[in-house]
Amino acid sequence: MIRVLGIESSCDETAVAIVTGERAILAQAIASQEAEHGPYGGVVPEIAARAHAERLAPLVERVLDEAGCGLGDCDAIAATAGPGLIGGVMVGLVTAKALAMASDVPLMAINHLEGHALSPRLADPSLRFPYALLLVSGGHCQILRVAGPGRYRRLATTIDDALGEAFDKTAKILGLGYPGGPAVERLAQEGDASAVDLPRPLVGRQEPHFSFAGLKSAVLRAKQAQGSADYSDADIAASFQQAALDCILDRTRRALREMDDVTALVVAGGVAANRTVRAGLESLAGEFALPFTAPPLPLCTDNAAMIAWAGVERLAAGFAPDPLDLKARPRWPL
Ligand code: KG4
Ligand code: ZN
C-alpha cells in the first residue's frame with residue numbers, strides 16, 4: 001500500500017498529512033496563521049516564513065505519531081515546491097529534503113496547483129480523467145482540462161486578479177477583516193443580490209479569460225456611494241458574490257463548449273468552499289449533463305492531504321522522485 005507524507009507551506013497554513021494509495025488520510029494536522037496576519041489585513045510573507053519554520057517539525061512528529069508509523073514506512077515525502085510565497089515554500093521544501101535524506105525516502109516536489117487540481121480525486125474515487133476543472137483560489141483563477149498527473153491544458157486564466165483576491169478585497173472594503181472569503185459569504189446570506197448594480201467583466205466575450213479588477217473597483221465605488229444610496233453592506237456582499245458567480249458561470253460555460261470529452265465538471269481551490277459558487281456550478285454541470293464534483297470543505301482551502309495525494313498520484317503514474325538539489329519556485333505554471 002502506497003503511503004505518502006505531505007507538507008504544505010506555500011501561504012499561511014502550515015500543514016502535514018499522511019495519505020495512502022487507498023485514499024485514507026491516516027493523520028493530518030494544520031496550523032493556521034490567521035492570528036499572526038489578521039492585524040495586517042493580509043499575509044505578511046516574512047511573518048509567514050518564520051511561523052512555518054517554528055511549527056513544521058512538531059507537526060511532522062505529531063502526524064507520524066497519530067498515524068503510528070515512522071518516516072521509513074513512507075514511500076515518498078511530498079512537499080509543495082511552488083508556486084507561492086517563496087520563504088514559506090523554502091521552509092517546507094528544505095524540511096522535506098532533510099527528512100528524505102535522513103530516512104532515505106524519495107522526495108516528490110509538488111506543484112501546489114497540481115495539489116488543488118487532483119484533490120477532488122482524493123475524496124471521490126469515481127472521478128475519472130479527463131475532467132474540466134475550475135481552479136479558484138487566492139492566487140489563481142483558471143479553467144483546466146485535467147488528463148492525469150502532469151497532464152494539464154489551460155483554457156483560461158485571469159488577466160488581473162484571482163477570484164479569491166476579489167473576495168478578500170471586497171472583505172477589506174466592507175471592513176470584514178482577513179481572511180475575507182468566508183466573511184463575505186456569511187454576510188451575503190443576509191443581503192439582496194440585486195440591490196447593487198455591479199459589472200460582470202468579460203461576460204459574453206469570445207476571449208476565454210477572467211477579469212475581476214473592474215468588479216473590485218465597482219465594489220469600492222458602491223461602498224463610497226453608500227451614504228446617498230439605499231443598500232446595506234450585506235447587499236453589497238450579496239451583489240458582489242452574484243456578479244462574481246455570473247462571471248465564472250459564463251466563462252466556464254464557454255470553456256465547457258470546447259471540452260467535449262470530459263467526464264465531469266470539478267471545482268477546487270479555496271473559493272470552492274463557497275456554497276453559492278458550488279450550487280451555481282452544479283446547475284451549470286447539469287446544463288451539460290455532466291456530474292459535478294467539489295472536494296469537502298477542508299480539502300478546498302490549503303491543506304497537506306492534497307499535497308500527499310498528488311504525491312500518491314505521481315508515484316502511481318510512474319513519475320521519478322525529484323533530486324535533493326531541486327529549487328523552490330515562486331512562479332510555476334501547471
Ligand atoms: O486555496 P487557498 O486556501 O489558498 C491559495 O492557494 O490561494 O485559497 C484561499 C482563498 C482566499 O482568497 C479566501 O478568501 C478564499 O480562498 N476563500 C473563499 C471561501 N473560503 C476561502 N472565498 C469565498 N468563499 C469562501 N467560503
Ligand atoms: Zn492553494
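The values are calculated or read from the model by the stated rules, or taken from the named source; none is laboratory data. Being a predicted model, the structure only gives us computed values, none of them experimental. Here the Cβ positions follow ideal geometry from the backbone for every residue, glycine too, while neighbour counts run over all protein chains shown.
Within segment 307-330, track down each residue that is under 28 Å from E258 (Cα atoms) and assigned to a helix (DSSP H, G or I). Hits for segment 307-330 are A310, E313, R314. Put simply, of L71, L99, L118, L133 the only residue that is touching a residue at least 40 places away in the same chain (Cβ under 8 Å), closer than 30 Å to A289 by Cα and either surrounded by fewer than 22 Cβ atoms within 10 Å (Cβ to Cβ) or touching a Leu at 6+ places or on another chain (Cβ under 7 Å) (or both) is L133.
For (1) free of Cβ contacts under 8 Å to residues at least 12 places away in the same chain; (2) closer than 17 Å to G181 by Cα; (3) under 12 Å from the mean Cα position of the chain (by Cα), each residue gets a yes or a no:
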| position | (1), (2), (3) |
| --- | --- |
| A279 | yes, yes, no |
| P296 | no, yes, no |
| I307 | no, no, yes |
| R314 | no, no, no |
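Can you confirm whether segment 154-162 contains a residue that is more than 16 Å from ligand 2 (Cβ to nearest atom), buried (at least 22 other Cβ atoms within 10 Å of the Cβ), on the phi < 0 side of the Ramachandran plot and not charged (D, E, K, R)? No, there is no match, as no residue in segment 154-162 is more than 16 Å from ligand 2 (Cβ to nearest atom), buried (at least 22 other Cβ atoms within 10 Å of the Cβ), on the phi < 0 side of the Ramachandran plot and not charged (D, E, K, R). Screening segment 184-211 for residues that are among the β-branched types (V, I, T) and either more than 25 Å from the chain's Cα centre (by Cα) or closer than 19 Å to L144 by Cα (or both) and picking the one that is surrounded by the fewest Cβ atoms within 10 Å (Cβ to Cβ) gives V203. Using the structure shown, decide if A51 is in contact with a helix residue (DSSP H, G or I) (Cβ under 8 Å, 6 or more places away or on another chain), modelled with pLDDT of 95 or more, surrounded by 22 or more Cβ atoms within 10 Å (Cβ to Cβ) and hydrophobic (A, V, I, L, M, F, W, C). The answer is yes for A51. Selection of segment 91-121 for residues being assigned to a helix (DSSP H, G or I), under 20 Å from the mean Cα position of the chain (by Cα) and more than 15 Å from ligand 1 (Cβ to nearest atom) yields V91, L93, R121.
Under the condition of being among the aliphatic types (A, V, I, L, M) and touching a Gly at 6+ places or on another chain (Cβ under 9 Å), the residues counted in segment 249-267 number 1. Scanning segment 11-32 for residues that are polar (S, T, N, Q) and either at pLDDT below 95 or under 15 Å from A81 (Cα atoms) (or both) turns up T14, S32. Does G6 qualify as being touching a residue at least 12 places away in the same chain (Cβ under 8 Å), in contact with a strand residue (DSSP E or B) (Cβ under 7 Å, 6 or more places away or on another chain), crowded, with 21+ Cβ neighbours inside 10 Å and at positive phi? No, not satisfied.
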